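Everything below concerns the one structure shown next.
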Amino acid sequence: MEIEAFVNHEAKTASTITIRGIFSLLMQSVDANDGDKSVISLGLGDPTIYTCFHTADVVQKVVIDTLQSGNFNGYAPTVGLLQTRRAIAEYLSRDLPYKLTSDDVFITSGCTQAIDVSVAMLAHPGTNILLPRPGFPIYDLCAAFRQVEVRHYDLLPERGWEVDLEAIESLADQNTIALVIINPGNPCGNVYSYNHLKKIAETAKKLGTVVIVDEVYGHLAFGSNPFVPMGVFGYDIPIITVGSLSKRWIVPGWRLGWFVTNDPCGTFRKPKVVERIKKYFDILGGPATFIQAAVPRIITETEEGFFRKTLDMLKHSSDVCCKEIQDIPCIFCPHKPDGSITMMVKLNLSLLDDISDDIDFCFKLAKEEAVIVLPGTAVGLKDWLRITFAVDPSALEEAMKRMKAFYKRHAKKW
Ligand SMILES: *Cc1c(COP(=O)(O)O)cnc(C)c1O
């Protein structure tokens, strides 16, 4: 294919939106403002800019020790160091009714690359993939690059952002390669109950499709539902689990993730499948060896107190966010977040005078108040907003105060 024909095909099939793309446009809009307000970003999901969201000291120390040992300056096997694969298998098996082995685990450059591997391994011409709406745009992009048709199913705000299972049944066909679930959820902050996950597994089984579950926010659950890994249904359906250190350990820049086949029945264990996965990893090369080598100690030596503190902070900041939102009439939160670091709120444009849609709202808010929130359009839901609440509480309160001032300035005069 000519390169231009290929690019045109991309343009027609890909959602050309990326969160980073919109984010940088919003930042430019702030730069154009003539006020002197400091920028507060509730836009990107990287809490490391706030000192209260800092990884555990022991985690940094382990990486330094590992680097200084001088033993990890060489290449690792492209699928990952054996001790790293084994440590992640043991870590994930803690919550499963069967044991994963190191052969089930492949080390990737963050969860992002594990997403790409998942789609690349399953894609072939004429296939389609079921993605949540609202969702995480990287899935749309990966699918478009592999020429896999994207079919969106809705998450239902009035049911705590549960999956619309009926929609899934009507969207799926014999060419469906996978159903993607994000739990705990970005952008909705959902944490699915055991029973809902069970229904998802039953639906996938009926349709004969693989489930790709994104558990990058695994264990970041602070509401009433505990985190249950999808892998508990591994005996019923083939499951690919993707995750990383990025969110739970607050080290998104370390680029350490995993692609895991939760597969006690051996669907992915066929020699041809294993060979194909390994070949693809030969192309990828894997993350830095010394970070990989630090993983076994990172997993065993991080204190429970660190995880508890993170959850307490997220619970607190999500409470602050939801409380302040109640004072801003033009936005409404249909479901308080139970996990992850983001939530969705609905815009009521009928209360606003000169705002045409979510994108207009976000650009004017950035320009006038130096507050960045992501338009819902970026995650597939027009006239909603995605708010990242993993933010220092005082900055969050200030951002909400400015949003309230913004509302007052733009409120419809009756
Ligand atoms: C942040 C995020 C990722 C990417 O994780 P990395 O480890 O930083 O690559 C993947 N999926 C979801 C839903 C995310 O929010």
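Checking the structure you have, find out if any residue of segment 231-243 is under 21 Å from residue 304 (Cα atoms), in contact with a helix residue (DSSP H, G or I) (Cβ under 7 Å, 6 or more places away or on another chain) and within 16 Å of the ligand (Cβ to nearest atom). Checked segment 231-243: at least one residue is under 21 Å from residue 304 (Cα atoms), in contact with a helix residue (DSSP H, G or I) (Cβ under 7 Å, 6 or more places away or on another chain) and within 16 Å of the ligand (Cβ to nearest atom). Scan segment 261-286 for residues that are buried (at least 23 other Cβ atoms within 10 Å of the Cβ) and within 16 Å of the ligand (Cβ to nearest atom) and report the count. Adding up the residues that qualify gives 1. Of all residues in segment 335-360, exactly one satisfies the criterion of being surrounded by 24 or more Cβ atoms within 10 Å (Cβ to Cβ) and in contact with a helix residue (DSSP H, G or I) (Cβ under 6 Å, 6 or more places away or on another chain), namely 337.
Right, residue 88: β-branched (Val, Ile, Thr), surrounded by 22 or more Cβ atoms within 10 Å (Cβ to Cβ), closer than 19 Å to residue 180 by Cα and within 15 Å of the ligand (Cβ to nearest atom) or not? Taking the combined requirement at face value, the residue does not satisfy it.
One line per residue, one yes/no per condition, for (1) away from the ligand (no atom under 16 Å from the Cβ); (2) among the charged types (D, E, K, R); (3) surrounded by fewer than 21 Cβ atoms within 10 Å (Cβ to Cβ):
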position	(1), (2), (3)
55	no, no, yes
60	yes, no, yes
73	yes, no, yes
129	no, no, no
143	no, no, no
146	yes, yes, yes
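Conditions (1) out of contact with any strand residue (DSSP E or B) (no Cβ under 6 Å at 6 or more places or on another chain); (2) of a type in the set (Val, Ile, Thr); (3) buried (at least 18 other Cβ atoms within 10 Å of the Cβ), marked per residue:
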position: 362; (1), (2), (3): no, no, yes
position: 369; (1), (2), (3): yes, no, yes
position: 378; (1), (2), (3): yes, no, yes
position: 387; (1), (2), (3): no, yes, yes
position: 396; (1), (2), (3): yes, no, yes
position: 405; (1), (2), (3): yes, no, no
position: 409; (1), (2), (3): yes, no, no
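State whether the residues of segment 60-77 include one that is closer than 20 Å to residue 214 by Cα and in a helix (DSSP H, G or I).
So in segment 60-77, the residues closer than 20 Å to residue 214 by Cα come out as none.
No: segment 60-77 contains no residue that is closer than 20 Å to residue 214 by Cα and in a helix (DSSP H, G or I).
For residue 86, the criteria (1) within 26 Å of residue 302 (Cα to Cα); (2) touching a Gly at 6+ places or on another chain (Cβ under 8 Å); (3) not hydrophobic (A, V, I, L, M, F, W, C) hold in every case but one, which is (2).
Remark: pairs (first residue in segment 297-309, of a type in the set (Val, Ile, Thr); second residue modelled with pLDDT under 95; Cβ separation under 8 Å; 6+ apart in sequence or on different chains) are absent. Confirm whether residue 225 is surrounded by 24 or more Cβ atoms within 10 Å (Cβ to Cβ) and either away from the ligand (no atom under 16 Å from the Cβ) or polar (S, T, N, Q) (or both). In short, no.
Every residue in segment 235-253 that is of a type in the set (A, V, I, L, M, F, W, C) and without any contact (Cβ under 8 Å) to a residue 60 or more places away in the chain, please. Listed by number, the residues that qualify are 237, 239, 245. Somewhere in segment 387-405, is a residue assigned to a strand (DSSP E or B) and either touching an Asp or Glu at 6+ places or on another chain (Cβ under 7 Å) or in contact (Cβ under 8 Å) with a residue 12 or more places away in the chain (or both)? Checked segment 387-405: at least one residue is assigned to a strand (DSSP E or B) and either touching an Asp or Glu at 6+ places or on another chain (Cβ under 7 Å) or in contact (Cβ under 8 Å) with a residue 12 or more places away in the chain (or both). As a summary of the residue check, residue 396 satisfies the conditions (1) within 22 Å of residue 190 (Cβ to Cβ); (2) out of contact with any helix residue (DSSP H, G or I) (no Cβ under 6 Å at 6 or more places or on another chain) except for the one numbered (2).
Only one of 79, 105 is at negative phi and within 16 Å of the ligand (Cβ to nearest atom); which? Only one candidate qualifies: 105.
Of all the criteria given as (1) over 23 Å from residue 80 (Cβ atoms); (2) in contact with a helix residue (DSSP H, G or I) (Cβ under 7 Å, 6 or more places away or on another chain); (3) modelled with pLDDT under 95, the one not satisfied by residue 265 is (2).
The values are calculated or read from the model by the stated rules, or taken from the named source; none is laboratory data. In this text the structure is predicted, and so the values were computed from the model without any measurement. Every residue, glycine as well, gets a Cβ built from its backbone with ideal geometry; the counts of neighbours run over all protein chains shown.
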